[in-house]
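Structure, as structure tokens:
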Amino acid sequence: MNDVSVLLDRAARGDGAASPELFAALHAELRTLARSAMRAERKDHTLQPTALVNEAVLRLVKSPVSWE
């Protein structure tokens, strides 16, 4: 089980300390993916990896999801 899976399990069991850790782990992973995706964009684009991550987080928070 990877770190995110462990944190998801802890959060599902009611461990209040797991949520901030989970958010930090997911945010870091999403930033890594965003940086990688942005390398394929044209040089004059204005979207930054952080903005892309923030948009993804907003979409995740808005839609209720059952994480498994």
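Grab the beta carbon distance between Glu21 and Glu41, set R0 = 30 Å, and tell me the FRET efficiency rounded to 0.05.
It comes to 0.45.
Among Ala18, Leu8, Ala56, whose Cα sits farthest toward the positive end of the charge dipole of the chain (+1 at Cβ of Lys/Arg, -1 at Cβ of Asp/Glu, about the Cα centre)?
About the Cα centre, the residue reaching furthest to the positive side is Ala56.
How high is the relative contact order of the chain? Use alpha-carbon pairs under 8 Å, at least six apart in sequence, and give a whole percent.
For the chain, the relative contact order is 27 percent.
Give, rounded to the nearest 20 debye, the magnitude of the charge dipole that the chain has about its Cα centre when Lys and Arg contribute +1 at Cβ and Asp and Glu contribute -1 at Cβ.
The dipole of the chain has a size of about 300 debye.
At 7 Å along Cα-to-Cβ for each site, give me the label-to-label distance between Ala56 and Ala12 in nm.
Simple spin-label model gives 2.1 nm for this pair.
Counting only protein heavy atoms, what percent of the accessible surface of the chain is carbon or sulfur at a 1.4 Å probe?
57
The values are calculated or read from the model by the stated rules, or taken from the named source; none is laboratory data. For clarity, every value in this text was computed on a predicted model and none was experimentally measured. Glycine also receives a Cβ, built like all others from the backbone with ideal geometry; neighbour counts cover every protein chain displayed. Please note that ligands, DNA and RNA were not included when accessible areas were found on the heavy atoms of the full protein model with its side chains. Shrake-Rupley method; radii C 1.70, N 1.55, O 1.52, S 1.80 Å.
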